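Asks: Right, I'll just put the structure down here and ask away after.
Just so it is clear, none of the values below were taken in a lab; they were calculated from the coordinates. Being a predicted model, the structure only gives us computed values, none of them experimental. Please note: Cβ atoms are built from the backbone with ideal geometry, for glycine as well, and neighbour counts cover all protein chains shown.
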């Protein structure tokens with residue numbers, strides 16, 4: 001007996017990921033990834049997505065006994081802000097594809113009906129549906145990568161706000177006159193604790209003369225320092241790298257303490273590349289949250305890394321398609 005399938009699409013500031021996901025949830029049958037390269041334009045990204053979709057469908061047909069007609073739709077996760085009703089991407093600081101009809105273009109290119117939601121909402125839904133948040137009544141998802149996004153689920157429903165831009169955790173102001181953010185505001189959490197922001201803060205210290213193994217790791221070209229460089233330096237026992245990450249964790253904790261005080265969730269799930277730092281991130285993060293949020297709310301909330309490190313976005317995008325069809 002053949003099963004139904006979906007195509008999940010996760011559009012990130014760094015990578016495009018496409019996967020074949022069972023309609024009822026579960027591990028993807030096939031996954032493809034390519035660099036996003038926003039400067040090439042949205043049409044080029046859609047062409048890449050269509051090619052990867054064809055590849056994952058062919059692999060699922062070959063390896064899992066599926067038929068092409070078993071694929072029922074495409075769930076798309078994309079950085080916001082979005083007009084979900086029209087399927088259009090707004091002014092995204094990490095993509096610059098303003099006003100592009102991303103849902104309908106992908107739907108036409110793949111030949112299947114499509115849904116569209118914020119990429120952080122999709123990752124949050126993926127972790128709630130199939131990952132670390134299974135069985136929770138209320139969950140906040142935080143995506144840490146090229147940017148910082150968020151999503152909130154209460155009683156199985158994604159709460160998006162009046163205009164669909166709710167839970168933009170990365171763009172809460174944590175420093176009134178702080179660093180410039182890609183969104184045009186100053187002092188956003190994203191400007192301090194996203195992957196590129198962690199790298200930028202590390203470079204600033206190195207340029208000011210801080211001692212570290214990081215310059216050696218990048219051949220003396222500090223422009224090559226990334227958040228991953230910071231983590232690798234910590235593994236090598238680098239004190240300055242550890243200082244940068246601990247400060248990043250404490251900054252992130254300010255944002256999460258605000259979230260806990262506002263939403264009082266049962267769980268916060270953190271997903272994205274930054275979570276590879278493991279205990280070096282989570283230990284100071286939890287400690288600082290405990291100092292800043294209401295005690296009863298902290299006690300009620302578990303802060304954990306996601307259980308679907310590479311696939312939360314595509315699984316969640318597929319799950320949102322199912323949710324939209326069965327409301």
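Asks: With a cut-off of 8 Å between alpha carbons and a minimum separation of six or more residues, what is the relative contact order of the stretch 135-305 in percent?
Replies: In percent, rounded to a whole number, it is 23.
Asks: Based on a Kirkwood Rh over C-alpha pairs, give the Stokes-Einstein translational diffusion coefficient of the chain at 37 °C and viscosity 0.692 mPa s in µm²/s.
Replies: Estimated diffusion coefficient is 163 µm²/s.
Asks: Report, to two decimal places, the Cα Rg of the stretch 1-71 normalised by 2.2 N^0.38 Å (N = number of residues).
Replies: Cα Rg divided by the expected 2.2 N^0.38 Å: 1.14.
Asks: Given the chain, what percent of its DSSP beta bridges are antiparallel, to the nearest 5?
Replies: Of those bridges, close to 60 percent are antiparallel.
Asks: For q values of 0.15, 0.16 Å⁻¹, compute log₁₀ I(q)/I(0) with the Debye formula on a Cα-only model of the stretch 56-200, without solvent.
Replies: -0.87, -0.96
Asks: Using Cα pairs under 8 angstrom and six or more residues apart, how large is the relative contact order of the stretch 228-284, in percent?
Replies: With pairs under 8 Å counted, the relative contact order is 45 percent.
Asks: Let me ask another. So what is the relative contact order for the chain, in percent, with contacts set as C-alpha pairs under 8 Å and at least six apart?
Replies: Relative contact order of the chain: 20 percent.
Asks: Calculate how many DSSP beta bridges within the stretch 135-305 are antiparallel, expressed in % of all such bridges and rounded to the nearest 5.
Replies: So the antiparallel bridges in the stretch 135-305 amount to around 55 percent.
Asks: Among 3, 326, which comes first, second and so on when ranked by fewest other beta-carbon atoms within 10 Å?
Replies: 326, 3
Asks: Same structure, new question: How many angstrom separate the Cα center of the stretch 41-57 from the Cα center of the stretch 267-327?
Replies: 29 Å
Asks: Which semi-axis lengths, in whole Å and largest first, follow from the square roots of five times the eigenvalues of the Cα gyration tensor of the stretch 283-323?
Replies: 30, 13, 7
Asks: How much of the calculated P(r) for the stretch 1-120 lies past 23 Å, in percent of all Cα pairs?
Replies: 25 percent
Asks: May I ask you to sort 70, 221 by Cβ crowding, counting other Cβ atoms within 10 Å and putting the fewest first?
Replies: 221, 70
Asks: Beyond 17 Å, how much of the Cα-Cα pair distribution for the stretch 210-325 remains, as a whole percent?
Replies: Here the tail beyond 17 Å accounts for 63 percent of pairs.
Asks: Still on this structure, I have one more. How many percent of Cα pairs in the stretch 55-129 exceed 14 Å?
Replies: Of all Cα-Cα pairs in the stretch 55-129, 65 percent lie more than 14 Å apart.
Asks: For a test of the definition: using alpha carbon positions, the gyration tensor, and the 1.5 limit on a/c, classify the stretch 135-305 as rounded, prolate or oblate.
Replies: Taking the square roots of the gyration eigenvalues as a ≥ b ≥ c, the stretch 135-305 is prolate.
Asks: Kirkwood Rh over Cα pairs of the stretch 254-321 into Stokes-Einstein at 4 °C, 1.567 mPa s: D in µm²/s?
Replies: In µm²/s, the coefficient is 100.
Asks: Kindly put 67, 32, 210 in sequence by how many other C-beta atoms sit within 10 Å of each C-beta, fewest to most.
Replies: Ascending Cβ contact count within 10 Å gives the list 67, 210, 32.
Asks: What base-10 log of the normalised intensity I(q)/I(0) is obtained for the stretch 104-175 from the Debye formula, alpha carbons as equal point scatterers, at q = 0.11, 0.14, 0.15 Å⁻¹?
Replies: For the stretch 104-175, the Cα-only Debye profile gives -0.32, -0.50, -0.57.
Asks: Also, quick follow-up: Using the basic label-point model (7 angstrom from Cα toward the beta carbon), what is the residue 157 to residue 63 distance in nanometres?
Replies: About 3.8 nm, to one decimal.
Asks: Can you tell which of 69, 59, 127 shows the greatest fluctuation in a Gaussian network model of the chain with Cα springs below 10 Å?
Replies: Fluctuation is largest for 69.
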